[in-house]
Structure formats: C-alpha cells, structure tokens
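> Next up is a structure, given as structure tokens.
What follows is calculated from the coordinates using simple rules that are stated; it is not laboratory data. None of the values given here were measured: they were computed from a predicted structure. Cβ atoms come from the backbone with ideal geometry, glycine included; neighbour counts cover every protein chain shown.
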C-alpha cells in the first residue's frame, strides 16, 4: 500500500480491507465550492458498504470540507457489485421522482464493455436518457470501466402487458350444490377489475409515462376546438399547474354535451381532470385524455401576493420593461396599453418608479397614460404617483488613452520596456495582488534585456488563475514578496517609456503596489497596444494579444500565453511592427499617437460604461430625448452610445446615475481608490449599488472570488461615494417583476440580439443568471443587512425617496386637446411659407366657381361656410341682418345673408375673426367672467370650427399638394373613408367624391339643378347622382353631368366641424417614394421623419427560443405544451425596430423634434433617405 493512502486510512480510522493495494493518484481541490476530489487507484471495485464507509469517514474527519468526490480507478474489468451500485442509483432517482420507480429491480445486461439497459417505450427512453450521462459518470467513479447503453425494445412491453391482463383474470371457485345429485361445477366468465377512481392529485411534472386512473389539477392557458369529418368534437386544452404543462383532450359527438363543455371550460380557470395519460399518435408525446363528467372546476390556488408593508417604502430607480431590447421581461403590452411595472407599483402603494429602458423610451407613452389616469382621481398632488422617466445608456470616454502621460520623445531609436503582470484576480484596489512581473527591453526590433520574477502572494492562488496562467502555489512558494519585486522592476525599467497590452490593467496593479508600499507615484509614460491596435487597425474587430500576433506574423505558442514574460515578449514584437506602420504614416513623437483617432471617430474607440439618466423636469425630458437621438444616430457604433462631453453639454434638467455592474464606478472602483475614485464618482449625481445576488454572475466568470469579495467591493463604493458627498442608492436593476419570471429572461438572453451580438449574460461560464426581480423594501433591506441597519435604511429608503422628491411631475405627451400642432407649409421654392387659410379659401372658391358658376347656389355657399368655419359665420350674419332689418322678407334675408357670407369668406380668415369677435363681445355673459384679451381669444377659438377655424387648413393643404404632386407626375391618387364627405376636400382636389346631395351640373354653362320639376329635392329620391336619369341643360342644351353622393359633413369633422380630419390617401406604389421626398420640400428636410415601428418577439419565434434554450441545456424531452406556456412569457419583448412603409411624421418648424420624442435609425442601423 502507498504511504499516502496508508496515512489517509490511519487518519480517518478505517481498516485496510479491500484497500490493501490502493494508492492516491491525486487530490484536486475546487476552492470555489470547497469540493475535494480523491482519485484512488485500486486492484478491484469496492463493495458498496466499503465505498460508503470510506466517503463518510473522510467527510467526518475533515470537517472543513463542504463536499467530496471519491473516484476509484481500476484496471480490473470485473463487474462484481455492478448490480448493487446500479440499483442504488435507480433508488436515488426514484426518491427524486416517481417516474423512475418503474425501473426498480430491472436487470442490467452486460455485453463486453457495454452495460445494456432495456427500456420498453419511448417515454422510458426519454426518462433514462436524462440520466444516462450521470449514470456513466457515477459508474466510472465507482470503478466500472464499461459504457452504459439504452436499448429500446417495445415488443417486450407488449409481452408484459399481456401478462398483466392474464393476471387480472379472476377464477371463481366451484360451488357445491346442496342436492344429493352432483351438478357440474360452474365457472364464471372472465372478469376484469376496474380500479377505484384515484382522486389524489398528481403533479403534471410526474406524468412521464403512460398511466390510467389519475387526477391532475391545473389551469387552462389555451384552448382549441375542432370538429372531425366523423362528427367528433375534439377539445384540446393547454393545462399547467406551474410545475409543467400537458395537452388535455376531450372527445364528444353529443351537441348538448359539447355546449356544456364550452360553457364549463374557461381560459384562466383551474380544474381537476380525471383520466389517463397515453402517447398521442398525432403530437407524438404524452397527452392526458378525460371526459366531460370527469372535469370539476376548482378554486385557483392562492398565489402568494407580493406586498410591501414597510411604513416608508423605497423607490426603484433602475427598472427595465419589455422595451429594453432582448433583455427586459417586465410586461408592456402595446395593444392592450398595459405596463406591469407601473400598475403593480401603484397597487403596492409605492410613491413612484423609474422607467429606464436601454437606449430608448418606448414604454413612456403607456406608462405616462396609466400614471396620468391614476393621478386624475387623486385631489391631493402630494399623493400623486410619480413616474421617473429615464434611460440606461452607454457613455464613451472622449479621451482614448493610447498613451498614458505622453511626452515628445522621438519614437525611433528609443528603448522600450514592454511589460505584463499576472495577478491573483482583477481587483487591484481590493485584496488581489501581482504573482508575476515579466518584461523585456526592446530597441530597433531586438530584445536586449529581460526581467521575470514570480511573487509569493502568501495565500492560495485561485484555481481559475492557475488554470489560466499555469502558475501554481508550489511555483511561487518561497519567492520574494510583491514589494521587493516591484522595487526591482521599477529600478530595472528606469525612465524608459513603457508598453503594455491593455495597459490600464497592468498600470492599476503597479500603481496599487507602489501606494501600498509607499514607493511613490507611478509616473512613467505607457503606450497601450490594445488602444493602439483599435486606432491603427480599424478594419478589425478583435484586438486581443492572440489576434495581434497572428495579424502581425509574430511567432506564438498559445499554450504559453498568459505567462507574463512570454506575453511581454509577444507584445514587444507586435509593438515593433506597429511602429513600422506608424513611421509610414509620418508619426514621429510619442505625443503624436494621440492624433491617431480623429475627433469625429472617437466614439468608436473610447472606453464605454453604462449610466442612467432621469429627467428632473420638462427641460430634462427634452435633453433626454436629444441624448437618446444622438446615441441612436450620430454616435451609433454597434450599440447606441453618447460622448461624455456631449452628455455634460446636455445634462441640464437631468440627474445622472452610475448604473449597473457595467458602470464606470463599479468597474474602475476595482482598481482605483482615494482621489482617483472620487474624481470618477464626482461626474455622477448619484451612485447605484445592487444587491450582492445581482452580481452573482461575476463570481461565475471569476471576476470576483466569492460573495464576500462582492460585499467588500460594495462597501468600498458606498464609502467612497459618501466621502465624495454624493447620493448613494440601492437599486434592483429590475428586468422582471417576480422571481419566478427569471426563466423567461434566461430564455431571452440566450438569444442573439439583432444588430447587437450576444447578451453579456450569455456566456458559457454563466450557468445561472442572477434574479433581477422587483424587490420590496423588506427584501432590499435584507439584501443589504451586511451594511448594518442604519446604513442599509439610508441607501434603500431615505436616499431613493430623496431622488424621487427632486423630480417634477412631467407631462411626457403634450396635451393639445386632441388637436395636433399644425406645421407651416413651404412653397415649392422651399424658402417662403404659404398663407394656408388664404390658399385653402382660394382653391375652394376657384374650383366651386369653375363647377357651379360665379354666383354660387346658396346651398353650396352655406356648405362651404360650415366646412371652413362651422356654423358661426352664417349665424353672425343672420343675426346682424335680422336685427338691422326687422321687417325683411325671407327671400331678401337670404339674398343679403349669402351676399355678406360670400364676401366675408372670400376676404379671408382675418375678416372672419373680426366678425366672430364682435359677436362674442356682444353675447358676453357673467358666466364668461372678466373679458380679458386672453379670455376673449379663448372664446373666439371655441366659437370657430371647421377646417380653417379649427386650425386644420395646413392638413388639408398638405393633402392637396401631395395629391397634385402625384397627379402632375402622371399618377392617380385614390381617397378612402370619410374624407369623401368633405366638399372642401373635393373642391381642393383631395378627393374625387362630391358629397353634396344628388344633382345635375352643366359642364358648359355651369348651371346646376338640385330639385325636380315639382320642386322636390332630387336627393330625397336619389341617394347617388349616378342613379339620376339623363337630363339636357335647359340653358344651353348640353347633356348635364350627374353628381353628388349625399354625405353630410358631420361624418368627417363632427357636428360642429371640430373633429381632427383623418385623410386617407392611396398613392401608387410607383410614386410613393417621390411623394415621401416631396414632404421634405413642403416642410423642410429637418422637420420630416419616417414613423417608426417596434418589432416584438412573436409567439412562433418565442416557441423556437424556448425550444432552443432547452436544447442548449441538454434537456430534450420538454413537452410542447410546456414550451408553449414558457413562450407566452417571452412574447412581446422588443426585438428590433423599423420604419413604417408609408408613415411620415411632420414636426412644425417652430418646434423641435425633441419637444415630442427622440428619433433613431431603423433596426439600429444607418438610414437610406430618412
């Protein structure tokens, strides 16, 4: 027996039976989860009880170990004890789920090196496939060298079923007759027992094989009904109990029963279903079958309601909705106009909530509408719910540090010190330190000197670091400490300029060591080959050292990568070749390298960080819109981003927060401290920290060692922020409302973001994403309990409410009373503006006279007056003439009335306003209050209606000019809908429909006839002019044109002509682009935008996402019904954006687009013409 093994057995107090020839090959320690793996060679497999005793004694002896694995390796191919170990594993599975009980006592067949296990149907095959990899792993761990193989033999199942049926036959014993004579024994016919109805509820997740006599309880979340050719009504229900889902089928031919079924079953309700589970030949998966009489409606199980009972509640300042592209899951339904985040926060009694979606504000309209409706019902403004409107964006540092501390030394003939460090982790300002400094001196392409020293950190090197660098504890044991090695390196380097790849990282550790050991300030000039590559090799996307050595043809061994000396030499040779490129571009001095990146290209290369911006007031909202617009257009590079200088320029009315784990404070706080960290913090108005759980993925990626290191980092940020005099707040970085919804986000972040690559959480090292659900005040206080009660309360409650109080109630959507802002319309020269009321009036009367003569019929004058200004002009003149001429006849009244009416209309809008003003003054009452200019103007506007009076004349004129433009280019334009009821639209050429009652008009002499020979209106008999009989003009003898479709104007603009017109025009697809371009002439190129669209994840797409997610996880037997249920939680998430094919948005040139909305390129890409 090996000495090590003997010492171990003695230490744990175990005898040597079965282990006489054992030896310890190695012991592997997994520090992250405190798991020890003992790999032991032996000449034979251990009996189960010996193996268990060995494991238990190791665990009991070494109490600091959290868990162990004992792996037995043997060259002996004996399969002794195989059945014992296998039976134990099956028992273990059966304890987890009843579906594995069917495999108990089933034998394992051995064929050479294969352990063959028979399964009798596809369901069994699926169950055991789930465990196949684990079984192989465990059997190998026990010392068996064979391969576990599944064998599907469905015939065997039939044999077993036949045997079961035989076993069900009951033979009744013979009865002896009391008579003396013997009677032949009677044998009962074969009978089958029907099992008693089992009403115990089985979870749907346990329905993994065919079974009869079973009851499930679940909620219907979908329902399909279908009638087959044979007359069967087939009802397919999608049922879930939230543990899993299954299709439930019902069949009936009875129409009455079918009606009762439809009446009973409702989506969203819970039921008990009694029936059986069988493989469905159509869906090829297990399906539950039941009957109407076996379905009972039940109460839905009480869902634990999330409540916040804190007397003073916190405020969430960082929350995402489904409008955060392929990231947020908090529901926003664009069709139903609902926002889960806002509605639930209102219901739970919070004072407000921030909406901070990524790079946009597409949830604002719905959120604002819900908040506005809620606040309308609350009289006390101090109790209003407050929406905090913001966004999470990426800020780009304007200064790209190709050179840290540049000087004017000539690049040629210098000796450069190219260095690299290896460290215990990434937190230079925390507990991490250097474990190796490697460097070379290079001059004119030749390596002239080397430096390489390992450093003993005095503690265990994390396994991940050892895996990356191959530096082990044994290698550094007894080496010099960090202080002395750093001193020697700095002395060796001297005043020479330095070079490093990703220099910020290496500088942070050198600087930290110098501060730690009072070695002075690190003031060397350092050139960063990472930033230099980004500036010099703009055509490449990868700038890692591995990518650079290939690009510059530098010999490289990838296996030696991540050792400081080797990386330093590779970096040096790459840098020398980079210098060659620089010399050809006439760069002479080190300071010249700063000119490599043009100022207008800097946004592509600067260091990026996340931040939050929240509008404090209306000015801030406008600036927020400007920032979002610039980020999505001018500075769009792979993802939306904004320059720090531009953010500073536009930060009036905004409060800037540091953001999430990708924020500047969180990232730089790991390598900086003191004044440097304070300077970073000072840029922000408030700094955010999230609960340690939200940073859990950073442990999985080895950015942090464990949760304690994360907590220390949070404490560091909090202390630095308080010292800087800034507000520190705890936020949840909310991406889904309840913890249970995390599964939907896991599915979503597993997908590629259109135009944006993979989600940052979609890394192979991240096995489980953190839960970023909405946390109550109590939850958040518990999460930060490690800070102490007082400090936790400050950052969770006091400070978040302080931020809320800084923000005004903001009108996100300008209330125009339903009337849009009218744009000014330019003439065709693109410079001067049209007088819209004048142009509209002229167009209408010119066409009217062209059709009906210079003296327009009174009914047409009245129709034009009403459409242009409502009833008010007619009403004014009728009153004036009646009062001035009390005895006037009706005919004379009509004559004077229409003469004055015509002149007023033709003279234009100013004369109409004067007339109405006199009328309003005359009828001013006490109810109208004091007659101020403002009150008078308001009542005049209210009295006016119609196209011009209501301010709709620009809309009419826009339509007229677009139609004319298309007509002039040889294309017809069709109108549809209620615009045909506007006679003004007809006269302007917008529509070809004449809405007047049926009538005749002469195309030659302009005569028109509206009555028949008996004096009756033609419209009373004929609904359309097309139906009129032919007629000769009595004046000139020409055939008269039959016109009029009898459409009242109220259809279009309402009874007082005050409805916003909706003009629908159909342009030829061949001319649509030209019509769109012409809008730029009408309104100016800076005032015309294409309407945007939001593409969300659709049901079928979501189904594919869920299926792909499970495939990636190696889960292949998820039921389609459960996939459908999970897909429902993923539908509606913003996936992409686009342009409406025909929608044009016009911003009045006297306002800015940022008064209303931000803008962006479609699909986060560059535009063609808009």
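> Given the rule -39500 (n - 2.57) for each run of at least 4 DSSP H residues, summed and divided by the residues of the chain, what is its mean residue ellipticity at 222 nm, to the nearest 500 deg cm²/dmol?
Calculated from helices alone, the mean residue ellipticity at 222 nm is -10500 deg cm²/dmol.
> Ok, one more. Obtain the nm distance between the two label points defined at residue 398 and residue 550 by a simple spin-label model: each point lies 7 Å from its Cα along the Cα-to-C-beta direction.
Here the modelled spin labels are 3.7 nm apart.
> For the stretch 610-641 and the stretch 1032-1050, what is the separation of their Cα centres, given in Å?
Between the Cα centre of the stretch 610-641 and that of the stretch 1032-1050, the gap is 59 Å.
> Follow-up. Pull out a ≥ b ≥ c, the square roots of the eigenvalues of the alpha-carbon gyration tensor of the stretch 204-298, then state rounded if a/c is under 1.5, prolate if not and a/b is larger than b/c, and oblate in the remaining case.
Oblate, since a/c reaches 1.5 and b/c is not below a/b.
> Taking the Cβ-Cβ separation of residue 921 and residue 1155 as r and a Förster radius of 35 Å, what is the calculated FRET efficiency to the nearest 0.05?
Approximately 0.50, to the nearest 0.05.
> Calculate how many DSSP beta bridges within the stretch 411-587 are antiparallel, expressed in % of all such bridges and rounded to the nearest 5.
75 percent
> Given a Förster distance of 30 angstrom, what is the FRET efficiency for residue 1038 paired with residue 882, based on the Cβ-Cβ distance and rounded to 0.05?
Efficiency, rounded to the nearest 0.05: 0.15.
> Within the stretch 3-161, what percent of beta bridges assigned by DSSP are antiparallel, to the nearest 5?
Counting only bridges with both partners in the stretch 3-161, antiparallel ones make up about 45 percent.
> Let's test the formula: R0 of 60 Å, r as the Cβ-Cβ distance of residue 719 and residue 256. What FRET efficiency results, to the nearest 0.05?
0.20
> Once you have the Cα-Cα distance between residue 1060 and residue 739, take 0.36 nm times their residue separation minus that, and quote the gain in nm to one decimal.
In short, 111.0 nm is gained.
> With a ≥ b ≥ c the root eigenvalues of the C-alpha gyration tensor of the stretch 320-463, is it rounded (a/c under 1.5), prolate (a/b larger than b/c) or oblate?
Note, shape of the stretch 320-463 comes out prolate.
> Starting from the Cα of residue 763, step 7 Å along the direction of its Cβ; do the same at residue 62; then give the gap between the two resulting points in nm.
My value for the distance between the label points is 2.9 nm.
> Also, quick follow-up: Apply the a/c threshold of 1.5 to the C-alpha gyration tensor of the stretch 648-745 and tell me whether it is rounded, prolate or oblate.
oblate
> If you line up the long axis of helix 872-884 against the longest principal axis of the chain, both from Cα atoms, how many degrees apart are they, to the nearest 10?
30 degrees
> Sorted by average packing, counted as other Cβ atoms within 10 angstrom per residue and highest first, what order do 108-114, 470-476 take?
470-476, 108-114
> If the chain between residue 206 and residue 473 were fully stretched, how many nm would it gain, using 0.36 nm times the residue separation less the Cα-Cα distance?
This chain segment gains 91.3 nm when fully extended.
> Got the relative contact order for the stretch 204-298 handy, in percent, Cα pairs under 8 Å and 6 or more residues apart?
This gives 32 percent for the stretch 204-298.
> Per residue and in cubic angstrom, what volume does the convex hull of the Cα atoms of the stretch 3-161 have?
Cα convex hull per residue, to the nearest whole number: 123 Å³.
> Sorted by mean Cβ packing within 10 Å, highest first, what order do the peptides 1141-1149, 733-741, 578-586 take?
Those peptides, ordered most packed to least, come out 733-741, 1141-1149, 578-586.
> So, in nm, how far is label residue 280 from label residue 16 when the simple model puts each one 7 Å beyond its Cα toward the Cβ?
Output for this residue pair reads 6.5 nm.
> Follow-up. Cα axis of helix 122-142 to longest principal axis of the chain: angle in degrees, 0 to 90, nearest 10?
Tilt of helix 122-142: around 40 degrees.
> Mind checking the full-extension length gain between residue 617 and residue 227? Use 0.36 nm per residue of separation minus the Cα-Cα distance, one decimal, nm.
Full-extension gain reported as 134.5 nm.
> State the Cα centre-to-centre distance between the stretch 781-808 and the stretch 845-893 in whole Å.
70 Å
> A follow-up question, please. Cα atoms only, the chain: Rg and Dmax in Å?
According to the Cα coordinates of the chain, Rg and Dmax are 41.2, 136 Å.
> Cα axis of helix 48-61 to longest principal axis of the chain: angle in degrees, 0 to 90, nearest 10?
For 48-61 against the chain, the angle is about 80 degrees.
> For the stretch 411-587, what's the relative contact order in percent, using C-alpha pairs closer than 8 Å and at least 6 residues apart?
It rounds to 26 percent for the stretch 411-587.
> Sticking with this one: Could you tell me the relative contact order of the chain? Use alpha-carbon pairs under 8 Å, at least six residues apart, and round to a whole percent.
9 percent
> What percent antiparallel are the DSSP beta bridges of the chain, to the nearest 5?
Taking every DSSP beta bridge within the chain, about 70 percent pair in antiparallel fashion.
> Counting only Cα, what are the radius of gyration and maximum Cα-Cα distance Dmax of the stretch 795-837, in Å?
21.7, 60
> A further question on this structure: With 10 Å bins from zero, work out the P(r) of the stretch 411-587 over every alpha carbon pair and list the percent per bin.
10, 39, 35, 14, 2
> Of the listed peptides 357-364, 370-377, what is their order by residue-averaged count of other C-beta atoms within 10 Å, with the highest listed first?
357-364, 370-377
> Between the stretch 727-764 and the stretch 1092-1140, what's the alpha-carbon centroid distance in Å?
Rounded to whole Å, the Cα centres lie 15 Å apart.
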